[in-house]
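Colleague: Let me begin by handing over the structure; questions about it come next.
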Amino acid sequence: MQPRDDIESSVNPDTDAAGAPVMTPSEALGPVANDAAPWTPYRVARRVVATVVRSRPLLLVVLTFVLVIYMSSRFPTQFSTWSNTKAVLLDSSVGAILVIGMMILMIGGTFDLSIGGILVFTSIITGTMIANHGWPVPLAILLGLAGGAGCGLVNGILVTRIKINALIATLAMAGVYTGIAQLVDSSGVTPISDQFSKMGNALILGLQSPVWIAGVLIAVMAVAVSQTRFFRQYYFVGGSERAARLSGIPATRLIVLAFTMMGVLAALAGIVNSSRLNAATVSAGGGLELATITAAVLGGASLAGGEGTVIGGVLGVVFISLVNNSLIILGVDVFWQQIVIGLVLIFAVSFDRLRQTRLGSSG
Amino acid sequence: MTTAAPASEPVLRIRGLVKKFPGVQALRSLDLDVYRGTVHAIVGENGAGKSTLMNIIAGVTNADSGALEFDGIDISTLTEQKAGALGIGMVHQERSLVPELSVAENVFAGRQPITPLGTVRWRTMARDTRSIVDLLARDIDPKARVASLSPAEQHMVEIAKALSFDLRLLILDEPTAALTPTETERLFAVVRSLRAKGISTLYITHRLNEVFELADHVTVLRDGAVTGSMNVADCTEDELIRRMVGRALTFERRNVPAAKPAREVLRVTQLRSEPRVKSASLSVHAGEIVCIAGLIGAGRTELCEALFGVRRRDSGEVILDGAPLTGRNPSDSVRRGVAMVPEDRKEAGLFLGMDVTSNVVAASLGSATRMGVVARNLSDEVASRYVSSMRIRTPNLRQILGNLSGGNQQKVLLAKWLATKPKLLIVDEPTRGVDVGAREEIYAELRALAGQGLALLVVSLDLTEVLALAHRIVVMREGRVVGEIAGDAATEEEVVRLAATG
């Protein structure tokens, strides 16, 4: 028995009996903030390392930083230029729009594999309405966004009301949406129109419009998801759906809404992308779900739900863009991109598992 | 202590409540009146319909027919959201917290104070949480992650969450199951102060002494119907039990034959398994029931898990039948003749979707296998032996386990481990969630096993259980074994004193 306990028990046996001798995970891991012991450089370093290791987004920042420093020092003329930075940001913008929706879904404990299908479906509808049916651009865009909302709503109903597993439901619907897109226009629409193309290629203060669209969305949604009561409900739904329901949080309605938002965001991403290229093609949707889920997981989301932030997901997207960009500059075969991103995902997740087992089951 | 019913209007009035689940009539024409500012206990065996009734009152589910009025308002189509708005708060037996979120956010789940922009006022929320939590447990930080709290603290957060509503009726479902005596006292104080403010409490419990300590009225349920509703002052424990089980039942408090000196099956010396077990020494002889008592967090379950190989053993010595137990995982322990019945039978021991036979032979498939194939008739032979010897009530061996009562499931779990022919049987909380009648049978079964020469190590938070079963009581506190008492000489006070103050 430690002397401290003796003092406590002699002063107040009640508190002593109630104060269970439980060691919290943070205590087990290292120093805690209210520790009375003096700060030594070793303790500070341990704390910093522990914090970085504990937070996947922070780990991501460190990795991004290391990558940027390495590439800047080896390829200053190719990598650390304004035009390359712009290229990375532009490359990230479509992914960033998508990852916002995916992050909300994953916080809520589910995911959507049909985003590529929705993106293709909506951009081809928008494109064909403008190019082949003479619709005014804003109306065609609205139709595309509404189409995205419809697709998302269908996904949400399948998953929550008919209770089909999200993996099966959205995988199946990905095929359906892509198929409908091909029925509408099997070869894709190109070119769409000059007016439509101008929107996606406009420069504002030196940056292309997709970067601005993504930037504004990120800023608004990052605050909304982390701070507003409405979006914080998703942390309850994903953390424990039962707890959410018992707390009077309408889980089903929220998940349907999250799928619908994902649909709208996928449509927006598709419209932005096709506007930039002045083309809507079926191939635009390939591999998007994998890249987006990878970015979200790197950014702190877990398949179990209840975790993750918009900023984390965006950092994941930027990191993947940087890796792609670096591989191009390094002159590595383009197929390496998939391999590297796959391995990064495996690494991040296994690191997580390791961390959890180290912390023990009490966490 | 208890007061007579004030002759006021009931705050909650239920008439002719009926609820059916597929194949089960959960509630049959039930009437209930709860008066303002009273504590109303609901007792009954498992499956009597207590939880169904509470869930209907709290809007978790709706009744098939019948009238429910709360303060004159019809609440027969209540939802959980509306229940909260009306001032009905329920503390569920199962956890309803999100472990990764903070205490404060869990308390105000979906009702966080917000700014006009919809963003959460974190500081206001933390302050409000602090003022509620302090009533129950002073040392819980509103900003702490719920996952970092002990189970008892988490339960306090759960109760704080119910209290955070502008309450008029508090529903507590087995609230003290996970609490220490001190925490229980604090909870009772809170309930009494609510009563003084005119707030009613519906209190579901298995523990009859709590009825007499806390409640004004008590309603007994059996098979979905009320078998008695009375003022606590006018009834006795015997009467409650008679109405619960439909027959008089003497709760055997002591049945401890003196242990004969026998072979030492288990000797543990200074076992350490961080972070919960600091230093534990004990021994168990053949034919002996040794109970480990202690408060929540004392490391009782963790000690058993370390012995069984679920947890790492950092240092110390474990001798089983004269030879050191060196295995690092449960399968090594099973091979050496150790079996462990875990605390949570649903999560860690039974296959609820499989039949009785499959469950009984699950840990001893070798005995039911012929040339590498699991033989149905061999399995059934093993299973039927245990079904008859342990009086497991099941229509047949093909019955899906999930359809049996909690007590019978617990017996199947025991049978499963007995089928491995252990020398040492570790049982963690043998009767958690088991009704009074089945409890007595499980005690009898454990005693019979000891009589056959098995060494038993039993962990229980319920002191009456410890006193009823133990030949010897080993008391743990803060990860250390702090004392040992002979079972027939032990008193509740003695055990509590050792456990609480070392």
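Colleague: Let me know the shape class of segment B:50-92, please: from the alpha-carbon gyration tensor, a ≥ b ≥ c as square roots of the eigenvalues, rounded when a/c is under 1.5, otherwise prolate if a/b is greater than b/c, or oblate.
Modeller: Note, shape of segment B:50-92 comes out oblate.
Colleague: Students often check this: by mean Cβ neighbours within 10 Å, which of B:354-363, A:328-337 ranks highest, and how do the rest follow?
Modeller: Ranking, from highest mean packing down: B:354-363, A:328-337.
Colleague: Could you give the size of the charge dipole of chain B about its Cα centre, using +1 on the Cβ of each K and R and -1 on the Cβ of each D and E, expressed in debye and rounded to the nearest 20?
Modeller: Working: 62 positive and 61 negative charges, 236 e Å.
Dipole of chain B, to the nearest 20 debye: 1140 debye.
Colleague: Accessible area drop of at least 40 Å² (1.4 Å probe, protein heavy atoms): which residues of segment B:267-312 qualify, relative to the chain alone?
Modeller: B:Pro275, B:Arg276
Colleague: Under a point-charge model restricted to the Cβ atoms of Lys and Arg (+1) and Asp and Glu (-1), what is the dipole moment magnitude of segment A:154-270 relative to its Cα centre, in debye to the nearest 20?
Modeller: Computed charge dipole of segment A:154-270: roughly 600 debye.
Colleague: Working out 0.36 nm times the residue gap between A:Leu142 and A:Asp194, then minus their Cα-Cα distance, what length gain in nm do you get to one decimal?
Modeller: Result: 16.9 nm gained on full extension.
Colleague: Still on this structure, please answer the following. Quick check: with the 1.4 Å probe, what order do B:Arg242, B:Arg192, B:Arg300 take by accessible area, largest first?
Modeller: Of B:Arg242, B:Arg192, B:Arg300, the descending order of accessible area is B:Arg242, B:Arg192, B:Arg300.
Colleague: Can you tell me how segment A:240-362 classifies by the Cα gyration tensor, rounded, prolate or oblate, using a/c under 1.5 as the rounded cut?
Modeller: Note, shape of segment A:240-362 comes out oblate.
Colleague: Summing both sides, how much accessible area is buried between A and B? Use a 1.4 Å probe and give Å² to the nearest 100.
Modeller: 3400 Å²
Colleague: Okay, moving on. Would you mind putting A:218-231, B:462-475 in packing order, based on average other-beta-carbon counts within 10 Å, highest first?
Modeller: B:462-475, A:218-231
Colleague: Just name one of B:Ile485, B:Ala126, B:Gly322: the one whose Cα is farthest towards the positive end of the charge dipole of chain B (beta-carbon charges, Lys/Arg +1, Asp/Glu -1).
Modeller: B:Gly322
Colleague: For the pair A:Thr64/B:Asn231, report the inter-label distance in nm, with labels modelled 7 Å from Cα in the Cβ direction.
Modeller: In this crude spin-label approximation the distance works out to 7.1 nm.
Colleague: Quick check: from the Cα gyration tensor, does segment B:373-454 come out rounded (a/c under 1.5), prolate or oblate?
Modeller: Cα axes put segment B:373-454 in the oblate bin.
Colleague: Next question, about the same structure. Between B:Ser281 and B:Arg127, what's the calculated FRET efficiency when r is the beta-carbon distance and R0 is 30 Å? Round to 0.05.
Modeller: Plugging the Cβ-Cβ distance into 1/(1 + (r/R0)^6) gives 0.05.
Colleague: To the nearest 500 deg cm²/dmol, what mean residue ellipticity at 222 nm is calculated for chain B from DSSP H runs of n ≥ 4 alone, each contributing -39,500 (n - 2.57), summed and divided by the residues?
Modeller: Values: 16 runs with 161 residues, N = 502.
That calculation yields -9500 deg cm²/dmol at 222 nm.
Colleague: Using alpha-carbon pairs under 8 Å, 6+ residues apart, how would you state the relative contact order of segment A:242-363 in percent?
Modeller: Working: 59 pairs, mean separation 16.9, N = 122.
With pairs under 8 Å counted, the relative contact order is 14 percent.
Colleague: Turning to a different aspect of this structure: Report A:Lys198's accessible area, 1.4 Å probe, all protein chains in place, as a number in Å² to the nearest 10.
Modeller: 140 Å²
Colleague: Please compute, for peptide A:234-247, the average count of beta-carbon atoms on other protein chains lying within 10 Å of each residue's beta-carbon.
Modeller: Taking all residues of A:234-247 together, the mean is 6.
Colleague: With the dipole of chain B worked out from charges on the C-beta (+1 for Lys and Arg, -1 for Asp and Glu) around the Cα centre, which of B:Ser283, B:Val265, B:Gly402 lies farthest toward the positive end?
Modeller: So the residue we want is B:Val265.
Colleague: Between A:Val332 and B:Glu213, what is the label-to-label distance in nm when each label sits 7 Å out along the Cα-to-Cβ direction?
Modeller: Here the modelled spin labels are 6.5 nm apart.
Colleague: Just want to confirm a number: the relative contact order over segment B:12-245, from Cα pairs under 8 angstrom separated by 6+ residues, in percent.
Modeller: Worked out over segment B:12-245, it gives 29 percent.
Colleague: Something else: Report, in degrees rounded to the nearest 10, the 0 to 90 angle that the Cα long axis of helix B:436-451 makes with the longest principal axis of chain B.
Modeller: 10 degrees
Colleague: Same structure again: Probe radius 1.4 Å, ligands and nucleic acids ignored: give me the carbon and sulfur share of the accessible area of segment B:12-245 as a rounded percent.
Modeller: Taking all protein chains in place, segment B:12-245 shows 49 percent carbon and sulfur surface.
Colleague: Then there is this: Starting from the Cα of B:Arg335, step 7 Å along the direction of its Cβ; do the same at B:Asn403; then give the gap between the two resulting points in nm.
Modeller: Reported label-point gap for B:Arg335 and B:Asn403 is 3.9 nm.
Colleague: With r defined as the distance between the Cβ atoms of B:Leu365 and B:Arg393 and R0 fixed at 22 Å, what FRET efficiency is calculated, to the nearest 0.05?
Modeller: 0.30
Colleague: Could you work out what % of the accessible surface of segment A:229-283 is carbon and sulfur, using a 1.4 angstrom probe and leaving DNA, RNA and ligands out of the count?
Modeller: 57 percent
Colleague: Using the Cα centre of the protein assembly as shown as the reference point, and only Cβ charges (+1 on K/R, -1 on D/E), how large is the resulting charge dipole? Debye, rounded to the nearest 20.
Modeller: In total the dipole reaches around 1480 debye.
Colleague: If you don't mind, there's one more thing I want to ask. How much of A:Arg353 can a 1.4 Å solvent probe reach, expressed as accessible area in Å² and rounded to 10?
Modeller: Only protein atoms counted, so the area is about 140 Å².
Colleague: Still on this model: Taking a 27 Å limit on the Cα-Cα distance, which of the listed pairs B:Lys50/B:Lys421; A:Lys163/B:Lys20; B:Lys50/B:Lys82; B:Lys20/B:Lys161; B:Lys20/B:Lys197; B:Lys20/B:Lys416 fall beyond it?
Modeller: Those over the limit are B:Lys50/B:Lys421; B:Lys20/B:Lys161; B:Lys20/B:Lys197; B:Lys20/B:Lys416.
Colleague: Also: On a 0 to 90 degree scale, rounded to 10, what angle separates helix B:122-136 from the longest Cα axis of chain B?
Modeller: 70 degrees
Colleague: Can you tell me, using C-alpha contacts under 8 Å and at least 6 residues apart, the relative contact order of chain B as a whole percent?
Modeller: 15 percent
Colleague: At 1.4 Å probe size, what's the solvent-accessible area of B:His155? Round to the nearest 10 Å².
Modeller: Its heavy atoms expose roughly 10 Å² to the probe.
Colleague: Run down the lysines and flag those whose C-alpha is under 28 Å from the C-alpha of B:Lys423, throwing out any fewer than 8 positions away in its chain.
Modeller: B:Lys260, B:Lys278, B:Lys346, B:Lys411
Colleague: Once the Cα atoms of helix B:181-196 and of chain B are each reduced to a long axis, what angle between those two axes, in degrees from 0 to 90 to the nearest 10, is obtained?
Modeller: 20 degrees
Colleague: By how many nm would the segment from B:Glu492 to B:Ser65 lengthen if fully extended, with 0.36 nm per residue of separation less the alpha-carbon distance? Please list the in-between numbers first.
Modeller: Working: separation 427, 0.36 × 427 = 153.72 nm, distance 4.60 nm.
Length gained between B:Glu492 and B:Ser65: 149.1 nm.
The values are calculated or read from the model by the stated rules, or taken from the named source; none is laboratory data. Keep in mind that what you see is a predicted model, and the values were worked out from it rather than measured. Quick reminder, even Gly has a Cβ in these numbers, built from the backbone with ideal geometry, and neighbours come from all protein chains shown. Heavy atoms of the whole protein, side chains included, go into the accessibility calculation; ligands, DNA and RNA do not. Shrake-Rupley method; radii C 1.70, N 1.55, O 1.52, S 1.80 Å.
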